[in-house]
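A short reminder: the numbers here are calculations on the coordinates, not readings from a lab. These figures come from a predicted structure and were not determined experimentally. Note: ideal-geometry Cβ built from the backbone for every residue, glycine included; neighbour counts use all protein chains shown.
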Amino acid sequence: MAEGLFEPGEDGGAPLAIRLRPRTLEEFVGQEEVLGPGTFLRRAIEEDRLQSLVLYGPPGTGKTTLAHIISNVTGAAFEALNAVTDGLPELRAVVERAKQRRALEGRRTLLFVDELHRFNKTQQDGLLPHVEGGLFVMVGATVHNPYFALTPPLRSRSRIVRFDALSDDDLNVVADRALADEERGLGRLNLRLAPEARTFLLLAAEGDARRVLNALEAASLLVEEGGEITAAVIREAAGGRDALYDRDETAHYETISAFIKSMRGSDPDAALYWLARMLAGGEDPRFVARRMVIFASEDVGLADAKAALLAQAAFRAAETIGDAEIPLILGHVTIYLATAPKSNTATRAIGKAMKEVEEGPRREVPLPLRNVPRAGDPDHEDYKYPHRFPGGWVDQEYMPEPVRFYEPGERGDERRIKKYLAWIAEMKSKKEAA
């Protein structure tokens, strides 16, 4: 069973991030868009009419804190599970207590599930009937996108609320509160935060209030009472900057999406940044290179036929080149793909062809195109070998009831392709007119 709520006067030497955890909605910092005055979520909490919800977003943005605040203002009994350490036995115990509480006291139960994404399908299915039946209101917290991490039935019965990384203004409020609060914070030490130290602290925190508080607490051990926290001190206390990237979950999907869309938008600088974020976070270079191969066909296509070859070379390099050198190769090809002319005509053409195969009439292979002559096929020798004709082209049937799938564009190499296909159309027209 997860630990209970932190109560005033019971810190027992708790970390600064726990001691300073907001206890009311008025103390809560950030998330104004979903939790500001007059918002649906705030009114539901204040009026004790909360339905099951899932809070998701980066670490240190207030998800767990909000659950604790809800427990302070709601009339429901509070139960907590941590999906890392708790499972079905602990859930069954919560269910039994909730049933008894409702039967004997007529009191509702609020169940907070931290790290909700860690529950597997069976465990999530175990939650479902009690959430649906209203035995308890569930508040789940997760750093992973619930559209990937949760089962559709549980997701559909919960309100999804996204928490964003805290802004610099929000983090400044957190830092100033920690330095000023004499009861729960560091106020009795009279510490000053140098401007350059504050700048680095905000950069290192990357929108995470917990990082700010942990760094300030560590810094308070490195300076004398009444002293100044310098940039050097905060660097040591913060331990540098961490790459906020999880290879298997939300950041993985969001960052590769940003990488692809930056290349599609012909912004090499943005593409290089997202590439660096992925590599710094430990992403498999082969995954990145594989997506570049797909991009070369999907988004550059026939506007620059060399793009596919270069992307394939990058993929081969990702399989053989060491981690220290692979950023050079992937960076090289990223710039090429981002600055190449773009065309999705090949993507649209194969899409149309696949749809025609699925929905259109079945077409037989014309007799002259069949590889092996069939008994009774008098026309199998009527195939016209294009290289024997002027221009390397001859008019003949290649598909019954032909359908136009490919429409060349005006960018890059496709201008040449368009010109060639126009010449073929002209030749056909002349033959028909003759």
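Worth pointing out:
- Here the simple spin-label model places points 7 Å from the Cα toward Cβ, and for residue 313 and residue 224 these points are separated by 6.3 nm.
- For the stretch 66-158, the Cβ-based charge dipole about the Cα centre amounts to some 260 debye (Lys, Arg positive; Asp, Glu negative; other atoms uncharged).
- Basic side chains Lys and Arg get +1 at the Cβ, acidic Asp and Glu get -1 at the Cβ, and with that the dipole of the chain about its Cα centre reaches some 1580 debye.
- Volume per residue that the Cα convex hull of the stretch 75-223 spans, once the total is divided by residue count, Å³: 149 Å³
- Per-residue Cβ neighbour rank within 10 angstrom, fewest leading, 403, 137: 403, 137
- A straight chain from residue 290 to residue 253 at 0.36 nm per residue would run longer than the Cα-Cα distance by 11.9 nm.
- Gaussian network model of the chain, springs between alpha carbon atoms under 10 Å - residue of 110, 222, 201 with greatest fluctuation: 222
- Peptide ranges 186-196, 386-396 listed from the most packed, as the mean C-beta count within 10 angstrom indicates: 186-196, 386-396
- Rounded, prolate or oblate (a/c below 1.5 giving rounded, otherwise prolate when a/b exceeds b/c) for the stretch 58-111 by Cα gyration tensor: oblate
- Ranking of 24, 345 by count of other Cβ atoms within 10 Å, fewest first: 24, 345
- Dipole of the chain, positive direction: furthest Cα of 186, 354, 112, with charges on the beta-carbon: 354
- Rounded to the nearest 20 debye, the dipole magnitude of the stretch 250-339 is 140 debye, with +1 charges on Lys and Arg beta carbons, -1 on Asp and Glu beta carbons, and the Cα centre as origin.
- Å³ per residue enclosed by the Cα convex hull of the chain: 240 Å³
- Largest first, the extents of the alpha carbon coordinates of the stretch 168-238 on the three principal axes equal 27, 24, 17 Å.
- Label separation (residue 371 vs residue 173): 7.0 nm, computed from points 7 Å beyond Cα along the C-beta direction.
- Of 398, 406, the sequence from fewest to most neighbouring Cβ atoms within 10 angstrom is 398, 406.
- Average projected area [Cα convex hull, the stretch 250-339], square nanometres: 4.9 nm²
- Fluctuation leader among 102, 19, 363 - the chain, Gaussian network, Cα springs under 10 angstrom: 363
- Each residue, residue 428 and residue 415, gets one label point 7 Å from its Cα in the Cβ direction; the gap between the two is 2.5 nm.
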